[in-house]
1. In the chain, how does Rg compare with the Kirkwood Rh, expressed as the Rg/Rh ratio over alpha carbon atoms?
2. Which value, in debye to the nearest 20, gives the size of the charge dipole of the range 1-78 about its Cα centre, when Lys and Arg are +1 and Asp and Glu are -1 at the Cβ?
3. Which pairs in the list Lys110/Lys139; Lys62/Lys139; Lys19/Lys139 are over 21 Å apart, alpha-carbon to alpha-carbon?
4. Highest mean first, how do 57-68, 135-146, 6-17 rank when packing is the count of other Cβ atoms within 10 Å averaged over residues?
5. If packing is taken as the mean number of other Cβ atoms within 10 Å per residue, what is the order of 32-39, 110-117, 122-129, highest first?
6. Straight-line reach from Lys150: which lysines fall under 16 Å, measuring Cα to Cα and dropping same-chain residues less than 8 apart?
7. Taking the radius of gyration and the Kirkwood hydrodynamic radius from Cα positions alone, what is the Rg/Rh ratio for the range 1-45, to two decimal places?
8. If amide H atoms are built 1.01 Å from N in the plane of the peptide, which residues on other chains or at least 5 residues away come under 5 Å of the amide H of Val97?
Amino acid sequence: MDINETVRNTALELCDKAKLKPGQTVIVGCSSSEILGHKIGTRSNEEIGAEVFNALQSVFSKYGVELAAQCCEHLNRAIIVEQKTATGFSIVNAVPVVGAGGAFAAAAYKGFSNPVALESFRADAGLDIGGTLIGMHLKHVAVPLRLNIKQIGEASIIAARTRPPLIGGNRTCYDENLI
């Protein structure tokens, strides 16, 4: 199993299908336990967390897309981002570690230049690796994306993009580029 290649290909497909533009954000939740075939939160693996973070960061940085890493439930699913991405959101004081926050969020905290933790966030797209429940951090309205890659390691993946809410009735015209 080549996790790096699978994650990179997943990120590339997400960027393409979500039509991500520079400056937009992707929220990612990742269970290294699930990737290894274990129940979420039972076997966090620092190396897997770092491998996933590095693979995602290598793709998203080329597209100018900002990565937001979701912590596990021990940190109330706080978000780790670069400080420049935190504008308009409340910063909290928490440093994720493998046993509290998760291996992926801990890798993001170590890998970002100037990391901060946020209590909540609203991302333009999302990738849930292993059932981490990222939906609370997506903008309104979330639209599921079907990716060709269905799992990373043993972890199932779910992807989403967001779009502005459609308002009006049957006579309303919409900008198809925003849908």
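1. 0.98
2. Around 300 debye, computed over the range 1-78.
3. Lys110/Lys139; Lys62/Lys139, as the Cα separations exceed 21 Å there.
4. 6-17, 57-68, 135-146
5. Per-residue mean Cβ counts within 10 Å order the peptides as 122-129, 32-39, 110-117.
6. Output for Lys150: Lys17.
7. Radius of gyration over Kirkwood radius for the range 1-45 works out to 1.07.
8. The list, which skips near neighbours in sequence, is Gly102.
Here, each number is a calculation from the coordinates, and none is a lab measurement. For clarity, every value in this text was computed on a predicted model and none was experimentally measured. Methodologically, a virtual Cβ is constructed for each residue, glycine included, from the backbone with ideal geometry; neighbour enumeration extends over all protein chains shown.
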